């Protein structure tokens, strides 16, 4: 059966999907807040220089800025509906409110190179993927159980003029590891936090909306290479392997800080090519060195114990009536991955129009994992139409391979029961999306997704003799940065 954790979480990043909006620069501390009834407030509502709905948030940002603090508030709301296939036809609303406070220690009290960050999430609405899809690659990166929870709480210190930095505290690793620049446009969860860690780590790992205590090291010695490495707790809620939904107390609020299951060690090397100087755009008279791209290779290893997908602790198939029902335990788990982001077309180096492509692949052992291989890829076009410089249209694809050991258990089940039942194989989806920028602080994004063999081809609970039908999901998301 499909892991419940895959149905009840996530960014995509928001990984990653919310990250671009959270990076909006804070307004000048000298700005005077205008009351909501001020005609100037309404007149400048759609100004191209207005990055927040409330630029000074009624004076709050000015006050905080005096102490070196930046406040970001964002609301992501969406309605998604299953109109074909799945287990039932329905439309669901879900939403995410994110609040982030960032303290610059240099501005606050003269401590150079320090940054303190704390963020919280308010998750509301329902979850279409668990309600009616039962898919492995869930439809939305912000879907999760309803809760108000601490997300991240960390301190980062840089050294050697920013060439080295260390981050310590509660972290959501999808914000930095396995990330793709171009995939962040899409709504499907796996375009943010990929399929293998979502399915194969405890509770999906320390990624939105969860986080874990840990330490992250980064070095940028100069040139095109960046190296990232970290050690984190592998199981944010601290419960059973696939339990991230029925959380209570400190688990639900994000304040449990579990350290009891295992350690997740991860390392990534990044190679960036043809990058413009920081804060600058390419110009027509610069030497042409090619279009920018970033390439990443990484590995993670989890020290915890993982259950075999087919064999029990006595060597029998878990489907055998004589089985103990207790899976054989494997010590440790791991995955290798690669990510590529590459701009492939930009007719004018000073113009807004550009096309980028991305691809991400990863693999994991079959004996202890539901998913042994996953991949996602796509293309996005920024500034697709005249006068729509900040709009983006994208076409993406995702693939998840059910491990051959898990599929073998399905065949065992049929053999021992004598009842025909589907054998899981793989699941894939296609997504077409268009992000329309109404204003710098407001985006509206219609979206279409089509999933083949939901759940890898699992049986329809309403008709066990047949697979769940292919699914067509329609919907729209709106993002407002306050």
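What follows draws every value from the coordinates through simple rules; no lab data is involved. Nothing here was measured: the structure is a model prediction, and the numbers come from that model. Counting neighbours? That spans all protein chains shown, and the Cβs are built from the backbone with ideal geometry, glycine included.
Taking 0.36 nm per residue of separation and subtracting the Cα-Cα distance, what length does fully extending residue 111 through residue 303 add?
Full extension from residue 111 to residue 303 adds 65.5 nm.
Tell me whether the chain comes out rounded, prolate or oblate; compute the Cα gyration tensor, take square roots of the eigenvalues as a ≥ b ≥ c, and use a/c under 1.5 as the rounded threshold. Numbers along the way, then the final one.
Details: a/c = 1.69, a/b = 1.52, b/c = 1.11.
Prolate shape, in that a/c is at least 1.5 and a/b is the bigger ratio.
To the nearest 500 deg cm²/dmol, what mean residue ellipticity at 222 nm is calculated for the chain from DSSP H runs of n ≥ 4 alone, each contributing -39,500 (n - 2.57), summed and divided by the residues? Display every interim value, and only then the final one.
Values: 8 runs with 49 residues, N = 482.
Roughly -2500 deg cm²/dmol at 222 nm, from the helical runs in the chain.
Classify segment 126-274 as rounded, prolate or oblate, taking a ≥ b ≥ c as the square roots of the eigenvalues of its Cα gyration tensor: rounded when a/c is under 1.5, otherwise prolate if a/b is larger than b/c and oblate if not.
Oblate.
For the pair residue 314/residue 482, report the inter-label distance in nm, with labels modelled 7 Å from Cα in the Cβ direction.
Result for the modelled spin labels: 5.9 nm.
Calculated FRET efficiency, residue 60 and residue 257, Cβ-Cβ r, R0 35 Å, to nearest 0.05? Intermediate values should be presented prior to the final figure.
Working: r = 29 Å, r/R0 = 0.83.
The computed FRET efficiency comes out at 0.75.
Rank-order 180-193, 96-109 by packing density, defined as the average count of other C-beta atoms within 10 Å over each peptide's residues, highest first.
Most protected by this proxy first, the peptides run 180-193, 96-109.
How would you classify segment 368-457 from its alpha-carbon gyration tensor, with a ≥ b ≥ c the square roots of the eigenvalues: rounded for a/c under 1.5, else prolate if a/b is greater than b/c, otherwise oblate? Could you put the intermediate results ahead of the total?
Working: a/c = 4.49, a/b = 3.53, b/c = 1.27.
Prolate shape, in that a/c is at least 1.5 and a/b is the bigger ratio.
Taking Cα pairs under 8 Å and at least six residues apart, what relative contact order does segment 98-196 come out at, in percent? Don't skip to the end; give the middle numbers.
Numbers: 157 pairs, mean separation 24.7, N = 99.
Value for segment 98-196: 25 percent.
Want the number for residue 272 to residue 386: 0.36 nm per residue separation, take away the alpha-carbon distance, what's left?
Values: separation 114, 0.36 × 114 = 41.04 nm, distance 3.00 nm.
Fully extending the segment from residue 272 to residue 386 adds 38.0 nm.
What distance in nm separates the simple spin-label points at residue 357 and residue 448, each placed 7 Å from Cα in the Cβ direction?
If labels sit at residue 357 and residue 448, their model points lie 2.3 nm apart.
Extending each Cα 7 Å along its Cβ direction at residue 99 and residue 79, get the distance between those two points in nm, one decimal.
Result for the modelled spin labels: 2.8 nm.
In what sequence do 200, 410, 234 fall when counting other Cβ within 10 Å, fewest first? Provide the component values of the computation, followed by the final result.
On the way: 200 28, 410 21, 234 24.
Fewest-to-most Cβ neighbours within 10 Å comes out as 410, 234, 200.
Please arrange 257, 54 by counting, for each residue, the other beta carbons lying within 10 Å of its beta carbon, fewest first.
On the way: 257 16, 54 19.
Ranked by crowding around the Cβ, least crowded first: 257, 54.
As a footprinting exposure proxy, order 152, 75 by other Cβ within 10 Å, with the fewest listed first.
On the way: 152 20, 75 16.
Neighbour counts put them in this order, fewest first: 75, 152.
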